[in-house]
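To start, the structure itself, in structure tokens.
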Amino acid sequence: MPAMKPPITEPLLSQWEWQARAACRGMDSSVFFSPPGESGADRRRRERRARSVCRVCPVRADCAAFAVHTREAFGVWGGLTESDRGVVRPR
């Protein structure tokens, strides 16, 4: 019987383990994601609050890189807003 080839994928945990150390862990996601109908002033206020959490986060760079790499369309990730990431939202 031929030997089995090892899987070519790596465990998902290694791709996500940084999230366990995130400053936002356990926080309400509404700090980082826009609710329906959010106004410009409310949005800026929410984004400032989210960025203040990200500013002191030990995994900020990992989080921002993840959002850019995966083309995350919504939310504040690693201190970067949708606009900062240059995201085109899906229709």
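The values are calculated or read from the model by the stated rules, or taken from the named source; none is laboratory data. Given the structure is predicted, the values throughout are model-derived calculations rather than measurements. Neighbour counts run over all protein chains shown; Cβ positions are idealised from the backbone, glycine included.
Overview of values
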read-out	value
One residue from G86, G75, G26 being surrounded by fewer than 16 Cβ atoms within 10 Å (Cβ to Cβ) and under 21 Å from W16 (Cβ atoms)	G26
Of residues in the stretch 50-72 being loosely packed, with under 12 Cβ neighbours inside 10 Å and of a type outside the set (A, V, I, L, M, F, W, C), the one farthest from S29 (Cα to Cα)	H69
Residue satisfying all of: in the stretch 32-58; aliphatic (A, V, I, L, M) and more than 13 Å from L80 (Cα to Cα); nearest to the chain's Cα centre (by Cα) among these	V56
Flag for A20 being modelled with pLDDT under 95, under 19 Å from A67 (Cα atoms), loosely packed, with under 11 Cβ neighbours inside 10 Å and not polar (S, T, N, Q)	yes
Residue match in the stretch 67-77 (condition: of a type in the set (D, E, K, R) and either at pLDDT 95 or above or in a helix (DSSP H, G or I) (or both))	no
The stretch 19-44 residues that are outside any helix (DSSP H, G or I) and among the aliphatic types (A, V, I, L, M), paired with ones that are at pLDDT 95 or above and loosely packed, with under 10 Cβ neighbours inside 10 Å (beta carbon under 7 Å, 6 or more apart)	A23/V56
